[in-house]
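The values are calculated or read from the model by the stated rules, or taken from the named source; none is laboratory data. Only a predicted model underlies this, so the values are computations on that prediction, with no experimental measurement involved. Glycine gets a Cβ as well: all are built from the backbone with ideal geometry, and neighbour counts include every protein chain shown.
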Amino acid sequence: MLLNLDDAQSMLRHSQLFLLALKLLFELQVEKTPNDTAVIYQQQSLSYRQLNERANQLAHYCLLYTSPS
């Protein structure tokens, strides 16, 4: 199956909008219930606030080490 450029650009825009919506929904959940458990893995849990803080640290690290010099 071949996609033309217009189809590929449309798919990219929809993906970007989906990711933006997901990010906004997560941030709203952090504001609403910062101390509730967001994730549990191998007997360790993180609250929404803690998970958000770690996600932001990772994002800043990625920007720092992947941006052009």
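Here are the numbers for this structure:
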| quantity | calculated |
| --- | --- |
| Subset of segment 2-16 [more than 12 Å from the chain's Cα centre (by Cα) and not acidic (D, E)] | L2, L3, N4, L5, A8, Q9, S10, M11, L12, R13, H14, S15 |
| Single match in R49, R54 (criterion: surrounded by 10 or more Cβ atoms within 10 Å (Cβ to Cβ), under 13 Å from the mean Cα position of the chain (by Cα) and not acidic (D, E)) | R54 |
| Hits in segment 42-61 - residues which are modelled with pLDDT of 95 or more and of a type in the set (F, W, Y) | Y48 |
| Identity of the residue in segment 1-42, part of a helix (DSSP H, G or I) and charged (D, E, K, R), that ends up surrounded by the most Cβ atoms within 10 Å (Cβ to Cβ) | E27 |
